[in-house]
1. Can you list which of the trypsin sites (Lys or Arg not before Pro) found in the stretch 1-107 are DSSP loop residues with at most 12 other C-beta atoms within 10 Å?
2. Quote the charge dipole size of the chain about the Cα centre in Debye, to the nearest 20; the model charges only the Cβ of Lys and Arg (+1) and of Asp and Glu (-1).
3. Taking a ≥ b ≥ c as the square roots of the Cα gyration tensor eigenvalues, with a/c under 1.5 meaning rounded and otherwise prolate when a/b beats b/c, else oblate, which class fits the chain?
4. How long, wide and thick is the stretch 130-199, going by the Cα atoms along their three principal axes, in whole angstroms, largest first?
5. Could you tell me which GluC sites (Glu not before Pro) in the stretch 47-140 are loop residues by DSSP with no more than 14 other beta carbons within 10 angstrom of their beta carbon?
6. Rounded, prolate or oblate: pick one for the stretch 2-46, where a ≥ b ≥ c are the square roots of the eigenvalues of its C-alpha gyration tensor, a/c under 1.5 means rounded, and failing that, prolate if a/b is larger than b/c, else oblate.
Amino acid sequence: MAFTTADITTDHGSYAASRSEARARMIPIRSERRVRVGDILLFEFENAQTLQYQVQEMVYTERLSAPGEVAHEIDVYSRLLPSSHVLTATMFIELNQLDAVRDELRRLDGVQRRISLEIGGVTVPAVEIPGIDEDPDSPSETVSVHMFRFPLTDETRDAFRDPEVPAELVVDHPAYNDSTPITGATRRSLIADLALPSS
């Protein structure tokens, strides 16, 4: 389910008055959609709610008001909307020591190309979503934030929707090899993302 400019307020004073409530509503939603793999990689699976919130925050903090500006932000974030056969996620490389960021990113070079979902023993490689100004045909540099989609076949989609089928998020990089099962509330939330459109 997508969202439009009608769902985003440009009345910054009104949003400021309700901003803390909006943040409080989003905390449990975002929490159950987060999957940590190892010590420093955090993935947040996106949906219409998380993306609409991010657009609203961007519009508020940047004080955007023109319909075209709001529509542009919606276009940028809508690339991360899941669908009946696609899960999407943002990956954050969490580095606490700022003086070590450059060395750590160099150590993790290419990690964004070593992400996958394992669903019942079947590997679903992540496909990176390039930045709005990036060349989709050129390999991206390893930075602290990357966005992905996980395209599913009918078979892997149906398997993921069965909680009895094991699923895990995997990072298979020479300098960072780890995985985390996707279970419980997180699995249920992502299963809802894969609902088939009504006919």
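1. 63
2. Here the chain has a charge dipole of around 540 debye.
3. Working: a/c = 1.71, a/b = 1.25, b/c = 1.37.
It is oblate, given that a/c is not under 1.5 and a/b is not larger than b/c.
4. The principal-axis extents, from largest down, are 36, 35, 21 Å.
5. When the GluC sites (Glu not before Pro) of the stretch 47-140 are filtered for loop state and at most 14 Cβ neighbours within 10 Å, 62, 94, 134 remain.
6. The shape class here is prolate.
Every number in this text was worked out from the coordinates using simple rules, so none of it is lab data. Not measured: the values here are computed from a predicted model. Positions of Cβ are generated from backbone atoms using ideal geometry, with glycine treated the same way; all protein chains shown enter the neighbour counts.
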